[in-house]
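What follows draws every value from the coordinates through simple rules; no lab data is involved. Keep in mind that what you see is a predicted model, and the values were worked out from it rather than measured. Ideal geometry is used to build each Cβ from the backbone, glycine not excepted, and the neighbour counts take in all protein chains shown.
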Amino acid sequence: MFILGNGLVITLDENSTVLQNGAVVVEGNLIKEVGETEAMKAKYPQAEFMDAKGKVIMPGMINAHHHFYSTFARGIPSKGKPAKTFGEILEGLWWRLDKVLTLDDVYYSAMLPIIDCVKCGVTTIFDHHASPFAVKGSLDIIAKAAMENGVRACLCYELSDRDGEKISQEGIEENVAFLKRVADNNEDGMLAASFGLHASFTLNDDTLKKAKEAADAVGSGFHIHTAEGPEDVEDSLKRSGKRVVERLNSFGILGPKTLAIHCVHVNDDEIKLLAETGTNVVHNPESNMGNAVGVSPVKKMLDAGVTVGLGTDGFTSDMFESIKVANVLHKHAPQDPSASWAEVPQMAFANNQKIAAKFFPNPVGKLAPGAYADMIVVDYHPWTPVHSGNYYGHILFGISGRAVETTIINGKVVMKDRELLLVDEAEVAAKARELAVKVWERF
Ligand SMILES: [Zn+2]
């Protein structure tokens, strides 16, 4: 048992509780109690005390959509003409990169962003993986990387028909195998799984049917890019006469355990369908802006009752950065400076918590009794008062991932005063740079 105390505690619980000199009591991998520091010390005199030195103590962040496999794209030499559309970005970069990854590359391409997550205070990650010529065993390798870093992760393989039937079948098998593995052994609540699908426009009717049957057999929902670019909508209309969300619904892909990623090009009927089916949406503002695919109607979806969470889509591992970009995007797009104040924290905190709750046995993303002891200490001494009515303004403008000093996950300290305790980052990065050269040669 230990107490992390003497900090400004932002709990992100249902009441947005903020404690000026607070402490979190941890027993095993769970939070036992949250209270004033002196009171907690008096109540648990046997507990070891970790001093936050007046800095901010808050829950670890949740990233609801990441792509570890994109790691080796950083600085990659471009080939061919600059992409003018989202489809050209996929064909010129991502669908070339994922094809050349070996299982060894998969391991290192997972290790580095996971390390980055720990350093940015992200403690729960939903990854969407692709390595079409190294499918089998890829999720176990990513799980190994996650466990070596001590992070909580929900993994899936993004099934697609774009590399032929054999690889498509392997994608189904990899998802099922990992879902079964996690059902048998979730590593103390650290691992979860979903059934990954790339996107409607790379999946034919037959594969969607097979995926649905396979997922039903193991009780899983799906993790799928949905109406990200206009290409997905055009393809869906051509294939089925239906828009993307309608097509997915006709195959039973939507539902409370499904994550529909992006939902940029969705109309009012589709938003209604997402709400009625209880489907979760994950918004990735930086990615949408970088790929120039448009602005997701997140306010409309939230108003319709859709649980919209927040992710990074591999653009960064820093959720605080994603919060900052979501804040300005949803003011800039409608040209309304009063917009997005409520919606962004709702996505990043409350809704990411709700999404995580569907995958992990105990609550994640808040400091409350019974929740997993996933928390961070941030080097931030606010120069204006902080309370439950304004803590979001402090997170938005005062905190970035690089200010995270200490990261604790599942009751274990994985980074202390910016030093990673479980892995040697320089060594891992050096090995990754060696592999990157070979990946780029094959690219
Ligand atoms: Zn994505």
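Rounded to the nearest 10 degrees, what's the angle between the helix 268-277 long axis and the longest principal axis of the chain, both from Cα atoms, 0 to 90?
That helix lies at roughly 60 degrees to the long axis.
If you take the charge dipole of segment 61-357 about its Cα centre, with +1 on Lys and Arg Cβ and -1 on Asp and Glu Cβ, which of 199, 220, 349 is farthest toward its positive end?
349
Please state the relative contact order of the chain as a whole percent: Cα pairs under 8 Å, 6+ residues apart?
21
Under a point spin-label approximation (7 Å from Cα along Cα-to-Cβ), what is the residue 381-residue 53 distance to one decimal in nm?
1.0
Around residue 252, which amide H atoms from residues at least 5 apart in sequence, or from another chain, sit under 5 Å from its own amide H, with H modelled in the peptide plane?
none
Distance in nm between label sites at residue 180 and residue 276, each 7 Å beyond Cα in the beta-carbon direction?
Spacing of the two 7 Å Cα→Cβ label points: 3.6 nm.
Quick one: check the C-alpha center-to-center distance for segment 378-418 versus segment 133-167, whole angstrom.
Each part reduced to its Cα centre gives a spacing of 31 Å.
So what's the back-of-envelope 222 nm ellipticity for the chain, counting only DSSP H runs of four-plus at -39500 (n - 2.57) apiece and dividing by all residues, rounded to 500?
Mean residue ellipticity, 222 nm, calculated: -10500 deg cm²/dmol.
At 0.36 nm per residue, and after removing the present C-alpha to C-alpha distance, how many nm does the segment from residue 402 to residue 421 gain when stretched out fully?
That works out to 5.1 nm of additional length.
Once phi is turned into θ = phi - 60°, what whole-Hz ³J(HN,Hα) does the Karplus curve with 6.51, -1.76 and 1.60 give for every residue of segment 364-374, x standing for Gly and Pro?
For segment 364-374, the Karplus curve yields 10, x, 9, 9, 7, x, x, 7, 4, 7, 10 Hz.
Step through the residues of segment 387-393 one at a time and calculate ³J(HN,Hα) from phi using the Karplus curve (6.51 cos²θ - 1.76 cosθ + 1.60, θ = phi - 60°), rounding each to whole Hz and writing x for Gly and Pro.
Running phi through 6.51 cos²θ - 1.76 cosθ + 1.60 with θ = phi - 60° gives 8, 5, x, 9, 4, 4, x Hz.
With labels modelled as points extended 7 Å from the Cα through the Cβ direction, what inter-label distance (nm, one decimal) is found for residue 21 paired with residue 133?
Going by the 7 Å Cα→Cβ label model, 6.2 nm.
Springs between alpha-carbon pairs under 10 angstrom, Gaussian network model over the chain: which of 149, 63, 390 fluctuates most?
390
What full-extension length gain, to one decimal in nm, is calculated for residue 341 and residue 94 as 0.36 nm per residue of separation minus the Cα-Cα distance?
85.6 nm
Please give the helix 425-442 orientation as an angle from the longest Cα principal axis of the chain, in degrees from 0 to 90, rounded to the nearest 10.
Taking the Cα atoms of the chain, the angle to 425-442 is about 10 degrees.
Rounded to the nearest 0.05, what FRET efficiency is calculated for residue 33 and residue 237 with R0 set to 56 Å and r the Cβ-Cβ distance?
0.55
For segment 352-443, what mean projected area does the convex hull of the alpha carbons give, in nm²?
9.4
Mind jotting down the distance between the C-alpha centroids of segment 169-195 and segment 25-80, whole Å?
If you average the Cα positions of each part, the centres end up 25 Å apart.
Expected output is a single nm value to one decimal: the length gained when fully extending between residue 431 and residue 269, i.e. 0.36 nm times separation in residues minus the C-alpha distance. What is it?
53.4 nm
Take the chain, connect every pair of alpha-carbon atoms lying under 10 Å apart with a spring to form a Gaussian network, then pick out the residue of 105, 379, 303 with the largest mean-square fluctuation.
Among 105, 379, 303, the largest GNM mean-square fluctuation belongs to 303.
Once you keep just the Cα pairs under 8 angstrom separated by 6 or more residues, what percentage relative contact order results for segment 17-89?
Relative contact order here is 16 percent.
Quick one: if the Förster radius is 25 Å, what FRET efficiency do residue 42 and residue 413 give, using the C-beta to C-beta distance and rounding to 0.05?
E between residue 42 and residue 413, to the nearest 0.05, is 0.60.
Report, to two decimal places, the Cα Rg of segment 61-357 normalised by 2.2 N^0.38 Å (N = number of residues).
So the Cα radius of gyration is 0.92 times the expected 2.2 N^0.38 Å.
Taking the Cα centre of the chain as origin, work out the dipole magnitude from +1 charges on Lys and Arg Cβ and -1 charges on Asp and Glu Cβ, in debye rounded to 20.
Taking the Cα centre of the chain as origin, the dipole is about 300 debye.
Going through the cross-link list 99/431; 144/438; 84/354, which pairs have a Cα-Cα distance over 29 Å in this structure?
Beyond 29 Å: 84/354.
Taking N as the number of residues in segment 61-182, what is its Cα Rg relative to 2.2 N^0.38 Å?
1.06
Got a sec? Charge dipole of the chain, +1 on Cβ for Lys and Arg, -1 for Asp and Glu; which of 177, 406, 332 is way out at the positive end?
So the residue we want is 332.
May I ask which residue of 319, 430, 129 lies farthest towards the positive end of the charge dipole of the chain, with charges of +1 (Lys, Arg) and -1 (Asp, Glu) on Cβ and the Cα centre as origin?
319
To the nearest 10 degrees, how steeply does helix 103-119 sit against the main Cα axis of the chain, on a 0 to 90 scale?
Once rounded, the angle reads 40 degrees.
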